[in-house]
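Worksheet for the structure shown next.
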Amino acid sequence: MKTVDYLERKYPCRGDFIHSLYNLISTPDEDFPPSIYINGHTGTGKTSIVKNFLKICKQKNKKYHAVHVNCVECYTTKILFDHILEEFVRTEVRCETFKDFVETLRQFDVGSGNGYVVALDNADRLRDMESNVLPSLLRLQEFTGLNICVLLISQIPLEKYHCKTGLTEIITLYCPQYTKLETLKILSYNYEETIKLLKLRIKDLDGGSDLEKKYVIVDQITQDFFNNYLNVFLSVFYKACRDVPELKITASKYFVTYMEPVLSGSVEMNDVAKLWRKIVTPLRSALSQVYMRFDKTQDDVISDRTDGHVENHSIRKMVQAFELPFYGKYLLIAAFLASHNSAKEDKRLFVKHHGKQRKRMQTVNAKAKVVEKMSTSLGPKSFSLDRLLAIFYAILDEKVGLTCNLLSQISTLVHLKLLGFVSGENNIMDGSARLQCTVGLEFILYIGKIVGFNVYQYLCDFS
């Protein structure tokens, strides 16, 4: 039971799942079930727990053989079978058919008391292979005569698997999403790491004579104070995202923002109401960028003296990694402008001869914006495909026809999660679909810098 205790400490709130796994496939001395189906939403710990569980079992018992395979990488039956055999046999083996795969497994099994576990992650991809692959794998124990278990790990329920020949009975284990209290408990274990990160950020961004004073304030941060912050954080994020690894990253990142008024001396540490008012706007604007990495780490903050702004090195690396085509960059800029400008401002911003604009006190007061009310801080708004293309053609100097290639680049931006559908995902061609841009201002500024486009000039917040 040491295995269970270790995994329960490493993966809190997953005790029932770990115990079930231990009772089914912990030792090769007992008969394994032919197959087990594990499902649950992303970020619930199923893959990580299975991989660590199999690793520990292999280390404790030499007769315990296990392999973990990602079906996204092994997209054909030949690659799948070869990968499994290479892990078990430890030599280069090639097999063309399922029959060859079964025979090779039988030949490898020398001696007695051996147990085998084949864990197939993203198992729903098996539905795209030949129709006999999934039913055959579920009966692998019957075909080989070995003590072998096939673990299928997926995000979808078993009912979504349709097979003409039918599927044999399979044990199912469900990994439920963490409740709000469980998520709070898991994130609270990140207390020490978050404090270390905060000290690093202070050292990076400040230095100077106040450094020691700020370190004293940081040392006064208690677990209860951190838990209060997590309650505030989850009140905004929990309904939108329940992916625990992503919540860990975002919570650590915005704790620095939460502490800024305390470190500057403008807010007392025990004034929860003021701290809430300071952090709520940044947290809400961060909802649209949950899965994007825009944090500035120790090596990422580079001061650009010529432009007078701070350039994020991590964003530069991300832009370079995407390698967007020329028109794709302009489409993304157009999408950002559509998301962060009011449609009423389009004529003034994008039409050269839009006529004179009469200045009224109402207009002057509206432009005297504070940071909390700026469109770039409030988050993206939805826009139609027609408006996106209209802005694209307005900001592009050259004339380009509306081709399939151009429209396919919009689909590519959606696939890369740089754009997201708000509604009408299946009706993009009839104009009823609405999208929004999911990237932040710094990302777009760097894209604009690459193509020589002044983004600030076309944002109503700055023009």
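The values are calculated or read from the model by the stated rules, or taken from the named source; none is laboratory data. Here the structure is a predicted model, which is why all the values come from computation and not from measurement. All Cβ positions, glycine included, derive from the backbone under ideal geometry; neighbour counts span all protein chains shown. What goes into the accessible areas is simple: the full protein's heavy atoms, side chains included, and nothing from ligands, DNA or RNA. Shrake-Rupley method; radii C 1.70, N 1.55, O 1.52, S 1.80 Å.
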Completion exercise
Per the list (1) assigned to a loop (DSSP other than H, G, I, E, B); (2) of a type outside the set (D, E, K, R); (3) modelled with pLDDT of 90 or more, residue check on Phe255 breaks on (1)
Exercise for the section: Run down Ile38, Ile56 and say which single residue is open to solvent by less than 10 Å² (accessible area, probe 1.4 Å) and modelled with pLDDT of 90 or more. Expected result: Ile38
Exercise for the section: From (1) exposed (fewer than 15 other Cβ atoms within 10 Å of the Cβ); (2) in contact with a helix residue (DSSP H, G or I) (Cβ under 6 Å, 6 or more places away or on another chain); (3) within 24 Å of Thr172 (Cα to Cα), pick out the condition that doesn't hold for Val89. Expected result: (3)
Completion exercise
Flagged pairs (Cβ under 9 angstrom, 6 or more apart or on separate chains; first in the range 32-43, in contact (Cβ under 8 Å) with a residue 24 or more places away in the chain; second outside any strand (DSSP E or B) and of a type in the set (Phe, Trp, Tyr)) are Tyr37/Tyr161; Ile38/Phe17; Gly40/Phe17; Gly43/Tyr178
Problem - Answer from Leu140, Leu167 - the residue that is open to solvent by less than 50 Å² (accessible area, probe 1.4 Å) and either touching a strand residue (DSSP E or B) at 6+ places or on another chain (Cβ under 8 Å) or on the phi < 0 side of the Ramachandran plot (or both) - result: Leu140
Problem - Unique match (being open to solvent by 20 Å² or more (accessible area, probe 1.4 Å), assigned to a helix (DSSP H, G or I) and small (Gly, Ala, Ser)) among Ala240, Ala273 - result: Ala273
Exercise for the section: With respect to Asn147, determine if the residue is open to solvent by 10 Å² or more (accessible area, probe 1.4 Å) and either acidic (Asp, Glu) or more than 32 Å from the chain's Cα centre (by Cα) (or both). Expected result: yes
Handout entry: Close pairs (7 angstrom Cβ cut-off, 6 or more residues apart or separate chains): over 18 Å from Glu212 (Cα atoms) in the range 258-282, outside any helix (DSSP H, G or I) and β-branched (Val, Ile, Thr) anywhere
Key = Lys274/Val267; Leu275/Val267; Lys278/Val267
Problem - Looking only at the range 104-137, and only at residues there that are β-branched (Val, Ile, Thr) and more than 29 Å from His41 (Cβ to Cβ), the one that is surrounded by the most Cβ atoms within 10 Å (Cβ to Cβ) - result: Thr104
Handout entry: Unmet criterion (only one of (1) surrounded by fewer than 18 Cβ atoms within 10 Å (Cβ to Cβ); (2) more than 26 Å from Ser188 (Cα to Cα)) for Phe81
Key = (1)
Exercise for the section: Identify, from the list Phe255, Phe233, Phe225, the residue that is out of contact with any helix residue (DSSP H, G or I) (no Cβ under 8 Å at 6 or more places or on another chain) and either open to solvent by 70 Å² or more (accessible area, probe 1.4 Å) or more than 29 Å from Leu21 (Cβ to Cβ) (or both). Expected result: Phe225
Fill in the blank from the handout: Scanning the range 81-100 residue by residue, those outside any helix (DSSP H, G or I) and over 15 Å from Val69 (Cβ atoms) turn out to be Arg90, Thr91, Glu92, Arg94, Glu96, Thr97
